[in-house]
Amino acid sequence: MAAIYQAVHRRASSLFCRFHSTYVKKMRYLNELKEDDDFCRQAQTSGTFYLFHNLSPFLQKVGKKYLLPQLSAAEMKRILEKMKETEQWIEKSVLIGCSDEHVPHFALDLGALEKSVIESELQGSFTDLRKALFVVDVKDSPLLASAQALLRWHESHQYCSKTGQPTQKNLAGSKRVCHASGITYYPQMSPVVITLVSDGSRCLLTRQSSFPQGMYTALSGFCDLGESVEEALRREVAEEVGLEVESFQYSASQHWPFPSSCLMIACHALVGGQQTEISMNSLELEEARWFGLEEVLEGLKRDYTSSKQDDGSFLPWFPPKQAIAHKLINEWVKQQTSRPT
Ligand SMILES: NC(=O)C1=CN([C@@H]2O[C@H](COP(=O)(O)OP(=O)(O)OC[C@H]3O[C@@H](n4cnc5c(N)ncnc54)[C@H](OP(=O)(O)O)[C@@H]3O)[C@@H](O)[C@H]2O)C=CC1
Ligand SMILES: [Mg+2]
């Protein structure tokens, strides 16, 4: 009965969809895949697959470029057969999107299988995400980050935190259910506010001791439970550099996979011209200081390698374009250079 209802529902929504844009149709299709296990199982037979091994994505190096290959369902079966594994493995995959033509994309972690065999069979290598994210084409980075984050969430939510019983994922991987307690778990992320503080003519950039040498970025901090974005922003700036924010403006947001899943909420903030003396919290930061426009423009031209000097010290450089901090810094530069002098 449920199957008949779903078939009728799908037929009705496909008629309805004729009047919708490509984007709306795509979102509706993805939603159906998440809601209907049978439909998703069927989609897996015509989908494409991104491979991971213990959360490291599979990349192929062609010349100087790193590509993110998508395997067809047929190639997946061939690899699994070669490794003497069954096709059931494919059901462990999670849905991460689809093309405009409704070819679904899945991510699958083959961590339990021999890494070197897969690598030599497919002529590529499983690469740590901290490297992979910055060497693939910029348009592929968000997909890579969200696929890994979803696989990571499943890996760490195998058991119900109330009953201790195993949880089971739906086919698309958009949730997990504990059948003993009936609790449904959904993938989670932690909101983080990232703020580029300015005093009108300088911006404040900071370093943590764990950063690569020479790298400075905007202030950031996890939102506490119960806090609004505004409250978290004001608190973090006060806590980390001892300044009081006068006003701020939202810029953009980004999913960030480190340390697990963060929703980065990026803002510009202004502090009053009278109070710009930094009082740094040295438990959290190694350095915090004001940068003028010229120094920021110079820093934007450098990366880790080019910032190293002959004496081994590093000149300041900033996060690459995959990180939302880069966008904040660029926006600040644009705002400074477009101001009437
Ligand atoms: N994409 C981008 O451009 C940028 C991204 N980021 C990301 O923002 C995130 C937060 O920045 P950060 O300045 O370190 O944050 P915080 O200033 O809030 O300090 C981090 C510390 O907060 C504690 N903490 C509180 N809540 C959480 C939580 N939900 N998850 C993990 N730790 C928590 C931990 O302390 P304890 O271990 O003592 O419990 C942690 O070490 C980082 O993960 C970083 O990767 C940062 C800058 C740029
Ligand atoms: Mg911080």
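Each reported figure results from applying straightforward, stated rules to the coordinates on display, with no laboratory input. Because the structure is predicted, anything quoted here is derived from the model rather than measured. FYI the Cβ positions are ideal-geometry reconstructions off the backbone, even for glycines, and counts take in every protein chain you see.
Before moving on, here are some points about what is shown:
- Hits among aspartates and glutamates - C-alpha to C-alpha of residue 115 under 17 Å, sequence gap 8 or more where chains match: 75, 81, 85, 128
- Whole-angstrom gap from region 49-64 to region 112-152, using each part's C-alpha centre: 4 Å
- If the segment from residue 42 to residue 158 were pulled out straight at 0.36 nm per residue, it would be longer than the present Cα-Cα gap by 39.3 nm.
- Here the label points at residue 337 and residue 70, each 7 Å from Cα along the C-beta direction, are separated by 3.6 nm in the simple model.
- Interchain or long-range residues, amide H under 5 Å from residue 185's placed H: 176, 177, 178
- Less than 5 angstrom separates the built amide H of residue 190 from those of 261, 262, 263, all sequence-distant by 5 or more or on a different chain.
- Across region 53-67, computed HN-Hα scalar couplings (Karplus, 6.51 cos²θ - 1.76 cosθ + 1.60, θ = phi - 60°) run 9, 6, 6, 9, x, 8, 10, 10, 9, 10, x, 8, 8, 9, 9 Hz from first to last residue, x flagging Gly and Pro.
- For residue 252, nonlocal amide neighbours, meaning residues 5 or more places apart or on other chains whose placed amide H falls under 5 Å from its own, are 266.
- Residue-by-residue Karplus 3J(HN,Hα) for region 68-79, coefficients 6.51, -1.76, 1.60, Hz, glycine and proline x: 10, x, 10, 8, 6, 4, 5, 5, 4, 5, 4, 5
- Extension gain (nm, one decimal) between residue 27 and residue 114, 0.36 nm per residue minus Cα-Cα: 27.7 nm
- Only lysines eight or more places from residue 169 in sequence, or on another chain, were considered; those with a Cα closer than 20 Å are 34, 92.
- Scalar couplings 3J(HN,Hα) for region 160-173, obtained by applying the Karplus form with A = 6.51, B = -1.76, C = 1.60 to θ = phi - 60°, are 6, 6, 8, 9, x, 7, x, 9, 10, 7, 6, 4, 6, x Hz; x denotes Gly and Pro.
- For the chain, the mean projected area of the C-alpha convex hull, equal to one quarter of the hull surface, is 23.4 nm².
- Estimated from helical segments only, the mean residue ellipticity of the chain at 222 nm is -10000 deg cm²/dmol, where each DSSP H run of four or more residues counts as -39500 (n - 2.57).
- With the Kirkwood sum run over all distinct C-alpha pairs, region 190-338 has a hydrodynamic radius of 15.6 Å.
- FRET efficiency estimate (nearest 0.05) - Cβ-Cβ, residue 123 to residue 326, R0 35 angstrom: 0.60
- Protection proxy ranking for 323-334, 144-155, 298-309, 206-217, using the average of other Cβ atoms within 10 Å per residue and placing the highest first: 144-155, 323-334, 206-217, 298-309.
- Between residue 313 and residue 179, the simple label model (points 7 Å from Cα in the Cβ direction) yields a spacing of 6.5 nm.
- If the chain linking residue 305 and residue 35 were pulled fully straight, counting 0.36 nm for each residue of separation and taking away their Cα-Cα distance, it would gain 92.5 nm.
- Of all DSSP beta bridges confined to the chain, the antiparallel ones make up roughly 70%.
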